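Before any comments, here is the structure.
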Amino acid sequence: MNKQLYFRLIALWVLCEAMLGGIIHGFNMPVSGLVVGSCAVTCICLIAWYVPGKGAIIKATIIVAIFKMMLSPQTPPPAYIAVFFQGLLGELLFRRNHQFFRLSCIVLAVLALLESGLQRILMLTIVYGNDIWKVINNFINGLTKQKVSTNYSLLIGGGYVLLHLVTGLAVGWWASVLPGRIETWSRNKQLSILVEEGENTAVPVISRRRRRMKMGLFIIWVLLIALYVQSYYKIGTPLLSSHISLKIFLRSIIIVFSWIFIVGPLVKKLLHKWLQRKQTQWQQDIRDVLRLLPVTQQLAAKSWKQAAEYKGWKRVINTAKLVLVNALHPVIADKIVLLSAPIHSGKTTSLVKWSANRADVYGILTPEVSGKRMFMDAHSRQLFLMEAKEGDAEIITVGKFVFSKSNFEKAIQIIRENISKKGWLVIDEIGPLELKGGGFSPVLKEVLAIRQEKILLVIRDKDDTVEKVKQYFGINNAAVINHIDEAV
């Protein structure tokens, strides 16, 4: 099993469930199951494709539920039911790994989204009773003034279920072709986004103000039950009207509050107790996913920013593309990164901007200032000439360029002094001179002998220079990008 890939997919699922799901449930959106369920189905299908193996999906499901408990404690138990239904169904359907993969994806998506739609209809019936459907029918029939009554509630419910069915077919098909598309997209270097490892993720807590609010609601709930019982059993003169609308309203409030104060906490306590046992059992896996969560959040934010040129749904689709490509083929900022682009494409300019407000960037940049090539200490921002002045005794000639040997040695010394510093070490640039053993070649070999992380080398995209540099210096674990995000 590719554990890093497995944990990245779980982190992506957690982000959809615990954070996106938490926001949607907080606003009580009627299509929350469509959005969160579609994301969950996609993650399950990707786990089935990239990390096939017995128990992989169900283990991922439990880890996601644990994070849901930690990061979104307000999530109602029905949301956990949906997660476990999706996970168990995925584990069952993908038992044969890639065999019947497309069919399994479609069946999973259709059943998962239908379960979500039917669950919401069931919850409405439990909360409001069958009277809610009668009220809907009477209201619409009254508006249309029909002589023959029509069961509009059945049409509305059927349309809602049909929406989930059609969405499930579309999501299932899309998830089934996604692995192939991701492999194609990953070859496009313009889709690569550089992200850095995060530290930790905060777990929300209930404030005192929220506790006081719950106490007030508890008192209201008790009073409503007393009024409902008194009026229903006609203990003395009924204090509440027997009108059906008021009956539905009171029933819904009493059931919702009963869920909040009795059923919900009991179910949550039992579920959380079981999940906490699993959390103890899989402590290392939980830590690995937790470490990747800030990276995944950062990736989602940068993907949204990078897709800013698109509008509406096109921006959402392109953001999803960027997230998936970089989640499965990440350019993580703890390795050697090769920034490669054509001449005059702004490589150094972007690096100067990127490093301007950072305290963890060291090494050498080579900007052009007033038409002259300069060396810049990436940390102190000190500038000194790269090109030789007239009368310089020692020079280095590369094609039509003539460099100052003494200043080149000064630049090399700056790199050498910062080899062991924590943070990024940048060398701009590595090219034909280094491939002949000159320029920055000796100091780069020293750097690679001491460290193998957070090294950023600038390489011109010409004549397979990147591959020649990798081969010449024995660089095997490098990520190649053609732009750098200023927010990194």
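Starting with the highest mean, order 421-428, 300-307 by the number of other Cβ atoms within 10 Å, averaged over the residues of each peptide.
Details: 421-428: 20.2, 300-307: 18.0.
Going from most to least packed, we get 421-428, 300-307.
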- Note on the structure: With Leu178 itself left out, Lys, Arg at +1 and Asp, Glu at -1 over residues whose Cβ is under 13 Å from its Cβ give +2
- Note on the structure: If R0 = 22 Å, then Leu165 and Leu124, at their Cβ-Cβ distance, give a FRET efficiency to the nearest 0.05 of 0.75
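Under the classification rounded if a/c is under 1.5, otherwise prolate if a/b is larger than b/c and oblate if not, where does the stretch 346-488 fall, given a ≥ b ≥ c as square roots of the Cα gyration tensor eigenvalues? Can you show the working numbers first?
Numbers: a/c = 1.43, a/b = 1.17, b/c = 1.22.
Rounded, because the longest to shortest axis ratio a/c is under 1.5.
In what sequence, highest mean first, do 51-58, 109-116, 456-463 appear when ranked by Cβ atoms within 10 angstrom?
Descending mean neighbour count gives 109-116, 456-463, 51-58.
Which of the pairs Lys335/Lys389; Lys278/Lys422; Lys59/Lys470; Lys389/Lys462; Lys372/Lys462 have their Cα atoms more than 31 Å apart in this structure?
Distance filter (> 31 Å) returns Lys335/Lys389; Lys278/Lys422; Lys59/Lys470.
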- Two-site label geometry, Ile58 and Ser370: point separation in nm, points 7 Å out along Cα→Cβ: 7.3
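Using per-residue counts of other Cβ atoms within 10 Å, averaged over each peptide, order 163-175, 82-94 from highest down. Write out the running numbers ahead of the final one.
Numbers: 163-175: 19.1, 82-94: 20.6.
Going from most to least packed, we get 82-94, 163-175.
Which of rounded, prolate or oblate describes the stretch 275-362 when judged by the alpha-carbon gyration tensor and an a/c cut-off of 1.5? Mind dumping the intermediate values first?
Numbers: a/c = 2.66, a/b = 1.50, b/c = 1.77.
Verdict is oblate for the stretch 275-362.
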- Task: Pull out the extension gain between Gln471 and Arg451, defined as 0.36 nm times the separation in residues minus the alpha carbon to alpha carbon distance; nm, one decimal.
- Result: 5.4 nm
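For Ser149 and Ala356 in one chain, what is 0.36 nm times their gap in residues minus the Cα-Cα distance, to one decimal in nm?
Values: separation 207, 0.36 × 207 = 74.52 nm, distance 7.12 nm.
My answer for the length gained is 67.4 nm.
How much length, in nm to one decimal, is gained on full extension between Phe100 and Trp282, taken as 0.36 nm per residue of separation minus their Cα-Cα distance? Write down the numbers at each step before the final one.
Values: separation 182, 0.36 × 182 = 65.52 nm, distance 3.11 nm.
Full-extension gain reported as 62.4 nm.
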- Once both label points are put 7 Å beyond Cα along the C-beta direction, the Arg181-Asp464 separation in nm becomes 3.4
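Can you tell me the FRET efficiency between Ser345 and Trp173 if r is taken as the Cβ-Cβ distance and R0 is 30 Å, rounded to the nearest 0.05? Don't skip to the end; give the middle numbers.
Working: r = 38 Å, r/R0 = 1.27.
Computed FRET efficiency for Ser345 and Trp173: 0.20.
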- Task: Output the pairs from Lys3/Lys445; Lys302/Lys347; Lys321/Lys421 with a Cα-Cα distance over 27 Å in this structure; if there are none, say none.
- Result: Lys3/Lys445; Lys321/Lys421
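Taken together, the values in this text are just the output of simple stated rules run on the coordinates, not laboratory data. Just so it is clear, the structure is predicted and the values come from calculations on it, not from any experiment. Cβ: placed from backbone, ideal geometry, glycine included. Neighbour counts: every protein chain shown.
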